[in-house]
Every structure is written in C-alpha cells, then in structure tokens.
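Notes follow once the structure below has been shown.
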Amino acid sequence: AQSVTQLDSQVPVFEEAPVELRCNYSSSVSVYLFWYVQYPNQGLQLLLKYLSGSTLVKGINGFEAEFNKSQTSFHLRKPSVHISDTAEYFCAVSVDTGTASKLTFGTGTRLQVTL
Amino acid sequence: EPEVTQTPSHQVTQMGQEVILRCVPISNHLYFYWYRQILGQKVEFLVSFYNNEISEKSEIFDDQFSVERPDGSNFTLKIRSTKLEDSAMYFCASSRTISSNQPQHFGDGTRLSIL
C-alpha cells in the first residue's frame, strides 16, 4: 500500500517570501503524484500533477513541484507567495490498479501568508 | 469550466437517522468517488464507482454505507444509521477515464454534523 507524509502541519510565511511545502511518499510500485489546494469552505482544487517525464512540473498560481525518485519526494515550491495563497495544501498519490484508482492523501499543510 | 456539484452544503442529522448526500459529477466523466475528511484529519478514500458497480471500497465503507447512481446525472452516498463519528466533510469526485494518471475533480463538499 502507498502512503504520503507531509511533515509540516503549518507553514507561516511573509508575503513575497519563497515557500516550500514538503511531501514524501512510500510505494512499492510506480506512482502518480498530485498537489491539491483547499481554500476555506471550498473543495479540493488540483494545483499540479506529476505523471512521467520532466521531474519539474509547473502548476497553477505560480506553483511548481519537483519529483525526486531517489528521495521519494515531491516538494511544492513558490518563489514569492501572496496573501491569497493562504490555504491548506494536500499531497496525494495514486497507482495503477486496473480499476478506478483512489487517491491517498497526506495530512495536509496549512500555509499561512501574512504581511 | 465544468464542476462537480454537491448538495446540501451542510447537513445536520440526529444520530441513528439516515442521510443521503448528493453529487452531480462532471457530465462526461465515468468514474466517481466519495472521500471524507474528519475535522483536523486527512482526506480519506471511501469508495469508487464505475458502470453501476463499486470498484473499490475502504475499510471505512462498511454495511451502513451505500452508493447509487439513480439516474444519468446524480451520484449519491447513503448512510443508513448515522453515528457521531460520521460527522465529517464528505467530498464527491469524478474522473473522465480509469487511468490513475487522470486527475480527479472534487466538489466543494457536504459538511455532515451528527447530533
């Protein structure tokens, strides 16, 4: 079975500062990796995904993530955050099972951006 | 952009009562999912559904839970006899294909409060 670890439950950061949200996964087979964002009182919105190919993937709102197979990591980064980036961020994995594949989520990281 | 819609946004129910949560997936999607998020915890997979059958279910999805696609547009989650521990945010998601590299699109969720 696969699992996802997000070590940081909360990350406070000042506006315009860079940020990295960490994600590590565990799986015995190849995985697909996703980052979702959840704004207050809203559902989960896909930020970006890694399926194959280039290990650096770019997503919406200026976010990017880098897949590192040797370190089994998929950290999310943004060079300069905005107040509006305040939200909960979830890393998730899925694997090919031949059926409708579930997402396995991490516990989430709350990004708090302040002036 | 097409969205997954869920109703109601908030449901308050007495313990022991039945509750039905409703979802309208994106129209050309074929795979449907329910997840739940207990307050302060991670998003957990409940069940996946395709071609009028359950594809996979988690340990959480016991006999008190059921899913149905009663018509061409709705996808419902029924909890037969609710317990206090069923209080959570319930998310519906859908995806276009079976492949696990296809992102799942989430609704805004139904907050279920059991009294």
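The values are calculated or read from the model by the stated rules, or taken from the named source; none is laboratory data. Treat the numbers as computed from the prediction; the structure is a model and nothing was measured. Cβ coordinates were reconstructed from backbone atoms using ideal geometry, including for glycine residues, and neighbour counts include every protein chain displayed. For the accessible areas, the whole protein counts, side chains as well, though only heavy atoms, and no ligand, DNA or RNA atoms are used. Shrake-Rupley method; radii C 1.70, N 1.55, O 1.52, S 1.80 Å.
Which one of A:Asn24, A:Asn68 is more than 29 Å from B:Leu112 (Cα to Cα) and either touching a residue at least 40 places away in the same chain (Cβ under 8 Å) or open to solvent by less than 40 Å² (accessible area, probe 1.4 Å) (or both)?
On the way: A:Asn68 fails: either touching a residue at least 40 places away in the same chain (Cβ under 8 Å) or open to solvent by less than 40 Å² (accessible area, probe 1.4 Å) (or both).
Step by step, each of A:Asn24, A:Asn68 is checked, and only A:Asn24 is more than 29 Å from B:Leu112 (Cα to Cα) and either touching a residue at least 40 places away in the same chain (Cβ under 8 Å) or open to solvent by less than 40 Å² (accessible area, probe 1.4 Å) (or both).
Any chance segment B:32-40 includes a residue that's within 12 Å of chain A (Cβ to nearest Cβ), open to solvent by less than 60 Å² (accessible area, probe 1.4 Å) and part of a loop (DSSP other than H, G, I, E, B)?
yes
Do you know which of the residues in segment A:41-90 that are within 11 Å of another protein chain (Cβ to nearest Cβ) and among the aliphatic types (A, V, I, L, M) is nearest to A:Ser30 (Cα to Cα)?
Step by step, filter segment A:41-90, then rank; the result is A:Leu51.
For A:Leu111, are the conditions met, namely being more than 14 Å from chain B (Cβ to nearest Cβ), aliphatic (A, V, I, L, M) and part of a strand (DSSP E or B)? Walk me through how you get there before you give the answer.
Values: more than 14 Å from chain B (Cβ to nearest Cβ): yes; aliphatic (A, V, I, L, M): yes; part of a strand (DSSP E or B): yes.
In short, yes.
List the strands (runs of 3 or more DSSP E) that sit entirely inside segment A:1-74 and contain at least 2 residues that are within 19 Å of B:Pro103 (Cβ to Cβ). Quick ask: steps written out before the conclusion?
On the way: elements: A:3-5, A:10-14, A:19-21, A:24-26, A:32-38, A:44-50, A:56-58, A:64-68.
Qualifying strands (runs of 3 or more DSSP E): A:32-38, A:44-50, A:56-58, A:64-68.
Can you tell me which of B:Gln6, B:Gln11 is part of a strand (DSSP E or B), touching an Asp or Glu at 6+ places or on another chain (Cβ under 8 Å) and of a type in the set (S, T, N, Q)? Show your work before the answer.
Values: B:Gln11 fails: touching an Asp or Glu at 6+ places or on another chain (Cβ under 8 Å).
Going through B:Gln6, B:Gln11 in turn, the sole match is B:Gln6.
Which of (1) more than 9 Å from chain B (Cβ to nearest Cβ); (2) over 16 Å from B:Gln37 (Cβ atoms); (3) under 10 Å from the mean Cα position of the chain (by Cα) is the odd one out, the single condition A:Tyr25 does not satisfy?
Answer for A:Tyr25: the failing condition is (3).
Condition check ((1) modelled with pLDDT of 95 or more; (2) farther than 21 Å from A:Lys49 by Cβ) across all residues:
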position	(1), (2)
B:Gln11	yes, yes
B:Glu18	yes, yes
B:Gln41	no, yes
B:Glu56	no, no
B:Glu59	no, yes
B:Tyr90	yes, yes
B:Ser94	no, no
B:Ser99	no, no
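If you go through segment B:64-98, how many residues are open to solvent by less than 50 Å² (accessible area, probe 1.4 Å), within 13 Å of B:Ser48 (Cα to Cα) and either in a strand (DSSP E or B) or without any contact (Cβ under 8 Å) to a residue 12 or more places away in the chain (or both)? Break it down into steps so the answer makes sense when it comes.
To start, the set of residues in segment B:64-98 that are open to solvent by less than 50 Å² (accessible area, probe 1.4 Å) comprises B:64-67, B:74-77, B:79, B:82, B:86-95, B:97.
The next check asks that each one be within 13 Å of B:Ser48 (Cα to Cα); those that pass are B:65-67, B:75-77, B:91-95, B:97.
Among the residues that remain, those that are also either in a strand (DSSP E or B) or without any contact (Cβ under 8 Å) to a residue 12 or more places away in the chain (or both) are: B:65-67, B:75-77, B:91-95.
Result for segment B:64-98: 11.
Results for (1) within 9 Å of another protein chain (Cβ to nearest Cβ); (2) of a type in the set (A, V, I, L, M, F, W, C); (3) farther than 15 Å from B:Val24 by Cβ, shown as yes or no for each residue.
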| site | (1), (2), (3) |
| --- | --- |
| B:Phe49 | yes, yes, no |
| B:Asn52 | no, no, yes |
| B:Glu56 | yes, no, yes |
| B:Gln64 | no, no, yes |
| B:Thr76 | no, no, no |
| B:Asp86 | no, no, yes |
| B:Thr110 | no, no, no |
